[in-house]
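The values are calculated or read from the model by the stated rules, or taken from the named source; none is laboratory data. Keep in mind that what you see is a predicted model, and the values were worked out from it rather than measured. Here Cβ is always computed from backbone atoms with ideal geometry, including for glycine, and neighbour counts include all displayed protein chains. When the accessible area is computed, the model is the full protein with side chains, heavy atoms only, and any ligands, DNA or RNA have been set aside. Shrake-Rupley method; radii C 1.70, N 1.55, O 1.52, S 1.80 Å.
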Amino acid sequence: MSKPAVLAPPAPPARISLAITGHREGNAAFTANRVRIASVLGEVLDIISDAAKAEAPHVEIAPTRLHSMLSEGADLMAAEQALTRGWELVAPLAFGLDLNVAINALPTTADDARAIIAGCDPADPKVKFRADSIRSMAARARLFELAERDAAIGELFVAGLHHPDDRRKVDIFTAESSLRVEQAARVMLEHSDVLIAIWDGVTRAFVGGTGHTVQLALEIGAPVVWIDANTPDRWRILTSPESLARVHAPAVAPRPRHTELRSLVRAAMRPAPPRQSHGSHGDHGTSMEGPEAFKRERWRAGSDPLLHGYRRIEALFGADTWRGRFRKLRQTYETPDAIAGGSAAGMLAHARALPGLDTAFVDAVERNIVRRFAWADGISAYLSDAYRGGMTLNFLLAPLSIVAGLAYLPFAKSSATWISEKWIFATVELALLASIVALTITGQRRRWHTRWFETRRVAEYARHAPIILLLGVVRAPNRWPKGAETSWPEWYARRSLREAGLPHVKITKTYLRDVLRNLLAHHVVQQRDYHIYKAKRLAAAHRNLDKLSEILFTLAVVSVSLYLVLKLGGTLHWWSKDYAETSSYLFTFLGVALPTFGGAIAGIRYFGDFERFASISDVTSEKLATIHTRMTELLDSHDSALDYGQVADLAREVDGVVVGEIESWQAVFAGKHVAVPV
């Protein structure tokens, strides 16, 4: 009975993810124009909603998601409008919920602040109203609370209210809380496609403030829909930090900005078309590209020994033991259904054991990211063997065809039969040459090179994503690499991460320490050790291939020299001229075969670029080692020094190093398409 076919995980649905930032009720422009601001905000959200719905014929649509930090004023206004539209509401909070409510309810006395932090009602009815409004909205949102420093910041907050004339206490709280708001804003922006900002355009200097958040969004590549709090109808779209220099310039005409906003939604919800359409011409015989072709890739249970050429060369010349050189190379690919109980079991178990984490989020990560990683990794591993093994085989078949065509020469003098049957050798040569052509055409038609690049990009983006997502970290919009021909792998990976979104969790010091020690640091050590081993193996492969090539060329020189010595000795009557004549065919054969094989070995070394890849892995391992040292120092410190911002930045650096390594080796292989080895 045959095993059931392994099916690809479903492609991630498309959704538009928004962020909101804006003034509080105390801002003069916001208060004066509140009604009109609410109306214009609704118009902008309607344009976005309609543009998202228009994508339904092209991709599966998921509900729009709004990220709001739930400050009173613009944040709550946008959250209310999002919920009335049936959108998801996600709240990355700069503090734990109670402290967040206390700070944003704007109490004027220390007693009211303490009451709210304790979960009780404040005495001031206006403060109570604001606190109740925030709590009511929070109850309808998925909360991501940065609460590991709540005790210290709560004390600073209360102390500032208790001693309002002590500027130092007030300033320390303002600075500390502003940094927390900036960290939460960065998390919010990394998970969003577009930021909507209700801002008076006055200043960007206040860290964590509306203007500063606008600038941060533009710096990390998120476009901003700016609704001017003074003149809401003048809303416009900002796309770069430089566009802030023209915030007070005349507004553009209404029609272009509507069209531009729809274009932003469309670009976020479906991948850009390839620069040059090829069609996959894959194993199913269909001509398609992008996520649909990825979904229809044929799954193999394991690698094909006929395509092990590249990895066998690497093992033969890179291993330091005979057992390593001739070890079995067959790989068994882990299926999407098996990975959760296999290689990812430890990571998922640690994630489920994290204090306060909603296990439904871990299930979503396993379903939306881990399974897709397994599919991409298995498909890419096969395509890697097909492309690199195919080209290695071509490099070996080329000298064999030449040698086969000349193989009759050593026997030419000893047997007239071999001369008369030269056609046999010519037939073998033709068969080998035809094999090269067939392999080249197959590789080009099936796009082994391009498909390998695309699927490997998906796999590497997803490899460490489950870990950094536990910290709410994803790649910023402008940190996603751009493929030379296609962009769908980045779209696919970004949508997969966005599907899981932010975890519903209250970040504590225990949570941070557990993620840092058991997941992030463990991953860094694995990757560091892998690259140390890889660099050593590839450097040895390069060195040994170089030596073999030199030996073959040296033997060719010796062979030709020996023939010339025999010829010269016969001419000078040192020995019989028959020695040179009877061996001339053999020396001709060796004179061609040895440098031909030497050139093939040099070609494999050039194609494999083992030395450059060794250098890339060396640099990567050094960077990861430095990051691990910093992690160790942080883990050895007192709990009071453990801060979300530091841990999140380390996660971002790990992501940058790993993806940077992938970009480097792809840059090396980018121009090495399947071709005839000439």
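In the range 549-561, the residue that is farthest from D618 (Cα to Cα) out of those that are touching a helix residue (DSSP H, G or I) at 6+ places or on another chain (Cβ under 7 Å) and surrounded by fewer than 18 Cβ atoms within 10 Å (Cβ to Cβ) is V560. Here Q81 meets each of (1) crowded, with 22+ Cβ neighbours inside 10 Å; (2) in contact with a helix residue (DSSP H, G or I) (Cβ under 7 Å, 6 or more places away or on another chain); (3) of a type in the set (S, T, N, Q) with one exception, condition (1).
The set of residues in the range 652-678 being open to solvent by less than 20 Å² (accessible area, probe 1.4 Å), over 19 Å from T486 (Cβ atoms) and either without any contact (Cβ under 8 Å) to a residue 40 or more places away in the chain or among the aliphatic types (A, V, I, L, M) (or both) consists of V654, V658.
Screening the range 157-202 for residues that are of a type in the set (A, V, I, L, M, F, W, C) and open to solvent by 50 Å² or more (accessible area, probe 1.4 Å) and picking the one that is farthest from I507 (Cα to Cα) gives V202.
Here's the yes/no breakdown for (1) closer than 27 Å to A493 by Cα; (2) in contact with a Ser or Thr (Cβ under 8 Å, 6 or more places away or on another chain); (3) β-branched (V, I, T):
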site	(1), (2), (3)
A5	yes, no, no
A8	yes, no, no
A19	yes, yes, no
V101	no, no, yes
R114	no, no, no
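Restricting attention to the range 515-568, the residues being β-branched (V, I, T) and closer than 26 Å to G603 by Cβ number 5.
Filtering the range 140-156 down to residues that are aliphatic (A, V, I, L, M) and either in contact with a Pro (Cβ under 8 Å, 6 or more places away or on another chain) or within 18 Å of A113 (Cβ to Cβ) (or both), which residue is most open to solvent (accessible area, probe 1.4 Å)? Only one residue fits best here, namely A151.
Among residues that are open to solvent by less than 60 Å² (accessible area, probe 1.4 Å) and either in a helix (DSSP H, G or I) or of a type outside the set (S, T, Y) (or both), R367 is not included. Each residue in the range 512-557 was checked for being in contact with a Leu (Cβ under 6 Å, 6 or more places away or on another chain) and aromatic (F, W, Y), and 0 pass.
Here's the yes/no breakdown for (1) surrounded by 15 or more Cβ atoms within 10 Å (Cβ to Cβ); (2) polar (S, T, N, Q):
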position: K534; (1), (2): yes, no
position: R537; (1), (2): yes, no
position: A540; (1), (2): yes, no
position: L564; (1), (2): no, no
position: L568; (1), (2): no, no
position: L572; (1), (2): no, no
position: T582; (1), (2): no, yes
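Here the condition is being under 30 Å from K536 (Cβ atoms) and β-branched (V, I, T); of T335, T321, it holds for T321 alone. For the range 305-326, the set of residues classified as open to solvent by 90 Å² or more (accessible area, probe 1.4 Å), without any contact (Cβ under 8 Å) to a residue 24 or more places away in the chain and charged (D, E, K, R) consists of R323 only. Would you confirm whether or not the range 574-588 contains a residue that is under 25 Å from S401 (Cβ atoms) and free of Cβ contacts under 8 Å to residues at least 24 places away in the same chain? Checked against the condition, which is being under 25 Å from S401 (Cβ atoms) and free of Cβ contacts under 8 Å to residues at least 24 places away in the same chain, the range 574-588 yields at least one hit.
Scanning the range 585-605 finds one or more residues that are in contact with a Lys or Arg (Cβ under 8 Å, 6 or more places away or on another chain) and either assigned to a helix (DSSP H, G or I) or open to solvent by 80 Å² or more (accessible area, probe 1.4 Å) (or both). For the range 16-72, what are the residues that are under 20 Å from A184 (Cβ atoms), modelled with pLDDT under 95 and of a type in the set (K, R)? If the condition is that a residue be under 20 Å from A184 (Cβ atoms), modelled with pLDDT under 95 and of a type in the set (K, R), then R24 is the only one that fits.
When the criteria are applied in full, L393 fails the requirement of being surrounded by 17 or more Cβ atoms within 10 Å (Cβ to Cβ), assigned to a helix (DSSP H, G or I), of a type outside the set (G, A, S) and free of Cβ contacts under 8 Å to residues at least 60 places away in the same chain.
Of all residues in the range 1-55, those satisfying the criterion of being polar (S, T, N, Q), touching a residue at least 40 places away in the same chain (Cβ under 8 Å) and open to solvent by 20 Å² or more (accessible area, probe 1.4 Å) are N27, N33, S39. Look through the range 21-72, keep the residues that are farther than 26 Å from H504 by Cα and acidic (D, E), and return whichever of them is farthest from the chain's Cα centre (by Cα). By that ranking, first place goes to E25.
Within the range 510-519, the set of residues being within 13 Å of D636 (Cα to Cα) and either open to solvent by 50 Å² or more (accessible area, probe 1.4 Å) or within 22 Å of the chain's Cα centre (by Cα) (or both) comprises L516, R517.
Where helices (runs of 4 or more DSSP H) sit wholly within the range 421-473, those with at least 1 residues that are basic (K, R) occupy 422-445, 448-463. When the residues of the range 482-509 are filtered to those that are open to solvent by 20 Å² or more (accessible area, probe 1.4 Å) and not in a helix (DSSP H, G or I), the one that is modelled with the lowest pLDDT is A484. For the range 616-629, the criterion of being within 30 Å of V437 (Cα to Cα) and either modelled with pLDDT under 85 or among the acidic types (D, E) (or both) is met by no residue. Only one residue in T64, T108 is polar (S, T, N, Q) and touching a Phe, Trp or Tyr at 6+ places or on another chain (Cβ under 8 Å). Which one? Sole residue among the options that is polar (S, T, N, Q) and touching a Phe, Trp or Tyr at 6+ places or on another chain (Cβ under 8 Å): T64. Whenever a residue of the range 556-570 is free of Cβ contacts under 8 Å to residues at least 12 places away in the same chain, its partners that are assigned to a helix (DSSP H, G or I), lying with C-beta atoms within less than 7 angstrom and at least six residues away or across chains, give the pairs G570/Y579; G570/A580. Only one of the numbered conditions (1) part of a helix (DSSP H, G or I); (2) open to solvent by 10 Å² or more (accessible area, probe 1.4 Å) is violated by V214, and that is (2).
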